[in-house]
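Structure first, commentary second.
Just so it is clear, none of the values below were taken in a lab; they were calculated from the coordinates. It should be emphasised that the depicted structure is a prediction, and the values quoted were computed from it without experimental measurement. Cβ placement follows ideal geometry from the backbone for every residue including glycine, while neighbour counts extend to all protein chains displayed.
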Amino acid sequence: MLDGTHASASRSHRADPDCPDCGEGRVRRVGAFEHVRCGFVDVVAAFDADGPNAVCPKCDATLAPADEDLRCVGFLYDCSSCDHRFDAPVSFASRLPRTAESD
Ligand SMILES: [Zn+2]
Ligand SMILES: [Zn+2]
């Protein structure tokens, strides 16, 4: 968990980038998830719902947190200052094969 309160002091050893939009360092890494069944990919917040389960905003399917149809495909950075979202500087796509579980 990054709280950002000591971000300026820790920049020398953390690789978290500054926001390319507003230049602030209030950036946190968030998981990107794919709904395998329909191909929708977004950060976990996009699947947010009122209940304990997630809901795919594309196909309206209800997804349990441990549902195998919902899988983590990588990470994005999310700026808490301006809400800008951007891909990780480390190649986002190159992480994809590492999520393979039992296929
Ligand atoms: Zn920003
Ligand atoms: Zn879906």
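What list do you get for Asp16, Asp69 if you sort them by fewest beta carbons within 10 Å?
In order of increasing Cβ crowding within 10 Å: Asp69, Asp16.
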Query raised in the report: How high is the relative contact order of the stretch 16-93, given as a whole-number percent (alpha carbon pairs under 8 Å, six or more residues apart)?
Result: 33
Query raised in the report: Once you put a point 7 Å from the Cα of Arg29 and another 7 Å from the Cα of Val41, both along the Cβ direction, what distance in nm separates them?
Result: 1.7
Query - the stretch 16-93 - Rg and Dmax from Cα coordinates, angstrom - result: 13.5, 37
